[in-house]
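Heads up: the structure comes next, in structure tokens.
Bear in mind these aren't lab numbers, they're just calculated from the coordinates by the rules spelled out. All of these numbers come straight from a predicted model, not from anything done at the bench. Every residue, glycine among them, receives a Cβ derived from its backbone with ideal geometry; neighbour counts consider all protein chains shown.
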Amino acid sequence: MKSKVLISLLSDGRVHSGESLAAKMGVSRTAIWKQIRRAMEEGFVIDTIRGRGYQLVSDVDLLDFDDILSSVAEEYRSAISLRVLDEVDSTNAEVVRAGHSGTHDIPVVIADCQTAGRGRRGRNWSSPRGENLYLSLGLTFDGGFSVLDGLSLVLGVAVADALEGLGAREIGLKWPNDIFIERAKLGGILIELQGELQEGVVQVICGIGINVHMKSAEGVDQAWSSLDQAVSGQQWCRNEIAGALISAVLNAADVFTRFGFGHFREAWQQRDIFQGKPIAARGGEISGIGAGIDETGNYLLDTDTGLVPVRAGEISLREVL
Ligand code: BTN
């Protein structure tokens, strides 16, 4: 966003004279006027008040490195290497590109918008500027790929707990890890695995997208919601949400490493939106009643021939209405 400095100066909602803005930014008043026009082209609503100056009318929720870091639980602040970007193709791709820095820092990338946001199953992830949260972390685990069973469900539990901790109510999980609120998708998690960094050490890119202020979503073909829409009377701040999610994910990854998936199984089942519902899998090949997950995180369908496990990544589940 080209007008970020100007917008952050105006973000208190007060009237600022062109002169004071010019002095603060070290540019001429003409340059300020040009920036005001550019900000308006970017979608901000700014009133020009004759003889007094400019006032930002639209709500803004700017990403800020320091605010994000101070919202991360203290114990994790020095463990992460945080980057806050204006624009990127995909925060997951950026974590991969950053590679393993050679330090023990956990790479965390957040962007104001993504130009090629990725969803599960090769889909696009709608990533408009300034509206939602796009966050990726590079987590490392010892013990090879086999220790990762159930991790993607664990991350869903962590995200749901963090959002409820901030005031959202009754966050549900659609297997394996879609984040739901009021029967609509609020966010998603994309887990991508990188080859072993060294023997037995695997890197998992955990990408989280949460709809925060989004008002319209072109090309999204399922019921969706946002925190603004689903939770009335609360002002959502992306920096605070980011800090809470980073802390929750790092804490869950620690607990998962020490105690395994079993520790989270019950918490996941409590949030299962398919529990007891008639559902179909493998494009309708199997149908049954949602019966939760087994000890490795497979989804169980209660069918005429008994419980049938459905493996993560194999197929998607849908409710039969
Ligand atoms: C899904 O399909 O439900 C998963 C969506 C994951 C989107 C997030 S946004 C941050 C990160 N970067 C990406 O390109 N995708 C994930």
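Using just the helices of the chain, give the 222 nm mean residue ellipticity in deg cm²/dmol: DSSP H runs with n ≥ 4 each add -39,500 (n - 2.57), and the total is spread over all residues, rounded to 500.
Values: 10 runs with 97 residues, N = 321.
The per-residue figure over the chain is -9000 deg cm²/dmol.
What is the ratio of the Cα radius of gyration of the chain to 2.2 N^0.38 Å, with N the residue count, to two decimals? List each step's numbers first, then the result.
Working: Rg = 21.8 Å, N = 321, 2.2 N^0.38 = 19.7 Å.
Compared with the compact-globule rule of thumb, the chain sits at 1.11.
If you put +1 on each Lys and Arg Cβ and -1 on each Asp and Glu Cβ, how big is the dipole of the stretch 278-319 around its Cα centre, in Debye rounded to 20? Please list the in-between numbers first.
Working: 3 positive and 7 negative charges, 29 e Å.
Magnitude of the dipole: close to 140 debye.
Label points 7 Å out from Cα along the Cβ direction at Met25 and Asn124: separation in nm?
Reported label-point gap for Met25 and Asn124 is 3.1 nm.
Between Ile289, Ile246, Ile171, which gets the highest mean-square fluctuation from a Gaussian network model of the chain, Cα cutoff 10 Å?
Its mean-square fluctuation being the largest, the pick is Ile289.
What percent do you get for the relative contact order of the stretch 30-74 when only Cα pairs under 8 Å and 6+ apart count? Mind showing how you got there, number by number?
On the way: 20 pairs, mean separation 9.7, N = 45.
Relative contact order of the stretch 30-74: 22 percent.
What nm value, rounded to one decimal, do you get for the distance between Glu170 and His104 when each label is placed 7 Å out toward the C-beta?
4.4
Set the bar at 25 Å for Cα to Cα. Now go through Lys4/Lys24; Lys2/Lys185; Lys4/Lys185; Lys24/Lys215; Lys34/Lys215; Lys185/Lys277 and name every pair that lies beyond it. Show your work: numbers first, answer last.
Numbers: Lys4/Lys24 14 Å; Lys2/Lys185 31 Å; Lys4/Lys185 30 Å; Lys24/Lys215 33 Å; Lys34/Lys215 28 Å; Lys185/Lys277 17 Å.
In this structure, Lys2/Lys185; Lys4/Lys185; Lys24/Lys215; Lys34/Lys215 lie more than 25 Å apart at Cα.
Where in the chain is the longest stretch that carries no trypsin sites (Lys or Arg not before Pro) classed as loop by DSSP and with at most 13 other Cβ atoms within 10 Å? Don't skip to the end; give the middle numbers.
Values: sites that count: Lys2, Arg14, Arg50, Arg52, Arg169, Arg183, Lys215, Arg311.
Answer - 53-168.
Scale the Cα Rg of the stretch 69-164 by the rule-of-thumb value 2.2 N^0.38 Å and send over the ratio, two decimals. Show your work: numbers first, answer last.
Numbers: Rg = 14.2 Å, N = 96, 2.2 N^0.38 = 12.5 Å.
That works out to 1.14 for the stretch 69-164.
Please list, ordered by chain and number, the residues whose modelled amide H lies under 5 Å from the amide H of Ile286; skip anything fewer than 5 residues away on the same chain.
Ala281
Looking only at GluC sites (Glu not before Pro) in DSSP loops with at most 10 other Cβ atoms within 10 Å, what is the longest site-free stretch of the chain? Write out the running numbers ahead of the final one.
On the way: sites that count: Glu199, Glu218, Glu285.
For GluC sites (Glu not before Pro) (loop position, at most 10 other Cβ atoms within 10 Å), the longest site-free span of the chain is 1-198.
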